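Colleague: Structure below; questions to follow.
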Amino acid sequence: MTLPSSQQRRCGDCLAVVNGIYCPQCGQKQKSPVRHFGQLAGEFFNDVLNLDTRLLDTLKVLLLSPGRLSNEYFADRRTRYISPIKLYFLLSIVTFFLIQQNLEILTGEQTTLSSIEPGAAKAFGDDMYSAIGDIKAAPIAANGLPDGAKDLLHERLSRLEKILGNKDWTQLLRTGLAAAPQALLVLLPLFALLLKIVYLFDRRLYMEHLIIALHNHAFVLLTISLDIVLWWMSDWVSSNWWQSLTVLFSSLLGLWVPAYLLIGLKRTYRQSWKMTVFKFMLLGLCYLSLLAFGVVLNILFGLLLL
């Protein structure tokens, strides 16, 4: 039985007839934001607890079941897990935060190049210092750069020259880490493109390869975070057995990374082991080349931020 138009519930935004929580026309949620504080607080904690449950389930599957998250996503079983893009960004934030904190612990006070490895530090510093001097002495104006760009470049090079002269390795490292998330974000679609090329006859869309790339990168970020936590845990108890145990778990975690990625390719693309191992090695070689190129760009980008 259809209710009269005067008794039908309508969306406050587009005035369409609404029968559920969300408007079928514009998608607006049919709950007023102006409610009692108790109701808002209850919904907030319910969302937080639900996120925690999904997060724990997602991290457990991500760490222990190679390829399962991607297969579950493609099979439309997505509600129980966090979306790939949210998972990647969450782990990226946590991982680079832990790396930054670990750097602070390692350096304590500002570490210099000479305090790490005197011979190599001196050679590195002298080479960079000499190279920057040559660049500054070059006829930059003859290259057609505007005066403003020339002054900016000269200022950046002078600041870098001063940092290298002081052997301020910590500042360079922090600057490189500041640009690392952006560099990794650039590598993601490139790795997905590699998957698309290597599995060209698999007839998958590019977005499917991107989902697999997101899950693989999220797994690597998770292992880095766990390894840093294990390194911190080794100092909790001053005993040899505890430190040996944390080193053992860290070593097993390092061995699990390539095995996980290989098994994940096998379970996701379902090709023979011989073909999977060949493509795994090919992908590894290509990705390491991209990674090396990305590291160089990351350092150059970081130097521009000094």
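Every number in this text was worked out from the coordinates using simple rules, so none of it is lab data. What you see is a predicted model, and the numbers here were worked out from it, not measured in a lab. Virtual Cβ from ideal backbone geometry, glycine too; neighbours counted across all protein chains shown.
Colleague: What does the charge add up to near LEU210, with Lys and Arg as +1, Asp and Glu as -1, over the other residues with Cβ less than 11 Å from its Cβ? Write down the numbers at each step before the final one.
Modeller: On the way: positive: LYS196, ARG204; negative: GLU208.
With Lys, Arg at +1 and Asp, Glu at -1, the neighbours total +1.
Colleague: Further, regarding this structure: So if we plug the beta-carbon distance of TRP236 and ALA292 into 1/(1 + (r/R0)^6) with R0 = 35 Å, what FRET efficiency do we get, rounded to 0.05? Walk me through the numbers before you get to the answer.
Modeller: Details: r = 36 Å, r/R0 = 1.02.
Efficiency, rounded to the nearest 0.05: 0.45.
Colleague: Please identify the chymotrypsin sites (Phe, Trp or Tyr not before Pro) of region 186-267 that satisfy two criteria: DSSP loop assignment and at most 10 other Cβ atoms within 10 Å. Which are they?
Modeller: Qualifying residues, ordered by number: TRP236.
Colleague: Which stretch or stretches of region 196-239 have amide N atoms under 12 Å from the point lying 7 Å from MET275's Cα along the Cα→Cβ direction?
Modeller: 199-203
Colleague: Quick one: dipole size for region 199-306, taken about the Cα centre, charges +1 on Lys/Arg Cβ and -1 on Asp/Glu Cβ, in debye to the nearest 20.
Modeller: Values: 7 positive and 4 negative charges, 124 e Å.
Using Cβ point charges on Lys, Arg, Asp and Glu, region 199-306 gives about 600 debye.
Colleague: Within 15 Å, Cβ to Cβ, of CYS286, how many net charges do the neighbouring residues add up to if Lys/Arg are +1 and Asp/Glu are -1?
Modeller: Values: positive: LYS196, LYS279; negative: none.
Net charge around CYS286: +2.
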